[in-house]
Amino acid sequence: MKKSVWTDSIKLPEFPKADKEMKTEVLIIGGGICGILCAYMLEQKGIDYILVEGSRIGYGITKNTTAKITSQHGLIYNKLIKSVGREKAQMYLSANEKALREYRLIAENIDCDFETKDAYVYSINDRKKIEDEVSAVNSLGFNAEFASETSLPFKTAGAVKFKNQAQFNPMKFLNGIVKGLNIYENTFITDISENWAKFDGGKILADKIIVATHFPFINKHGSYFIKMYQKRSYVIAFENADNVDGMYIDEAENGISFRNYEDLLLIGGGGHRTGKQGGNWRAVKEFSEKYYPKAKEKFYWAAQD
């Protein structure tokens, strides 16, 4: 069943297509979780806005995420301190921790399977990388821990542990915040300027424009479309597999990630640059056959970063 586990549990409400010229204070382009949260927060502040989505809200990258909410993004903090300095690394960590707190507050009133979980970045063979990252994070005032033992089915050289991170069902979360928002679906923007955006059937004038699409959607100067590329990764949700009781990612570029959702174990891996050859679902299946021979596939899907 080539279907995300998140779309199996909820059907989001539908919104009309834009069909006329409109004017607003803020225009948001893109109806994934980033754009929807922008609209939600503007709505809370009473600011005039319009959100447009080229197809259906949540049905791009958001429905294909592994849905972890964490300040831990690989072994990033040691690199940040070295490349941009301690102050900016601290700003990055603080911003992510604030976002985690905001998610937690919003999710208090939403049935979205929100759970507090510890997050881990592990290494198969490089203990020093893990130790250096723990030291770097601790120097920024966050209490990271070195975990010598994990609940993974293989030995590691260690893992960086972030306590009190979170996981959730992103589609249920969106369903809880979209009601009453000023959203237009099936409204694909074909051109954009500083204060207007065109679509088939009209134009939207705006004082400010937020582009919240996954990738620059129009190849115009300043969008960095030439400097960016997409990387595809694969996830399979298995029944009859262990509960790893946490969220795990490998520090290696083509490693395996883990988290549980209800009675399923979500295993991700097989990543490669989009358009190139890679491990894809085969890599995940081979891993599961080796370490979880009794597991049974229930859902599988792919996403792009």
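The test for being in contact (Cβ under 8 Å) with a residue 12 or more places away in the chain and in contact with a Phe, Trp or Tyr (Cβ under 8 Å, 6 or more places away or on another chain) does not hold for Ile47. There is at least one residue in region 232-253 that is open to solvent by 50 Å² or more (accessible area, probe 1.4 Å), part of a strand (DSSP E or B), out of contact with any Phe, Trp or Tyr (no Cβ under 7 Å at 6 or more places or on another chain) and closer than 24 Å to Ile57 by Cβ. The set of residues from region 6-49 being charged (D, E, K, R) and over 23 Å from the mean Cα position of the chain (by Cα) comprises Lys17, Asp19, Lys20, Glu21, Lys23, Glu25, Lys45, Asp48.
Please work out if Lys231 is in contact with a Lys or Arg (Cβ under 6 Å, 6 or more places away or on another chain), among the charged types (D, E, K, R) and at pLDDT below 90. Judged against the criteria, Lys231 is a match. You will find that of Asn64, Asn138, the residue that is out of contact with any Pro (no Cβ under 6 Å at 6 or more places or on another chain) and over 30 Å from Leu174 (Cα atoms) is Asn138 and no other. With respect to the conditions (1) surrounded by 18 or more Cβ atoms within 10 Å (Cβ to Cβ); (2) under 22 Å from the mean Cα position of the chain (by Cα), Met91 lacks only one, and its number is (1). Scanning region 38-71 for residues that are of a type in the set (D, E, K, R) and part of a loop (DSSP other than H, G, I, E, B) turns up Asp48, Glu53, Arg56. In summary, strands (runs of 3 or more DSSP E) completely within region 89-203 and bearing 1 or more residues that are at positive phi and touching a Ser or Thr at 6+ places or on another chain (Cβ under 7 Å) occur at 158-167.
Within region 17-61, the only residue that satisfies the criterion of being on the phi > 0 side of the Ramachandran plot and open to solvent by 60 Å² or more (accessible area, probe 1.4 Å) is Gly46.
The values are calculated or read from the model by the stated rules, or taken from the named source; none is laboratory data. In this text the structure is predicted, and so the values were computed from the model without any measurement. Glycine gets a Cβ as well: all are built from the backbone with ideal geometry, and neighbour counts include every protein chain shown. These area figures cover heavy atoms from the full protein model, side chains too; ligands, DNA and RNA do not enter into them. Shrake-Rupley method; radii C 1.70, N 1.55, O 1.52, S 1.80 Å.
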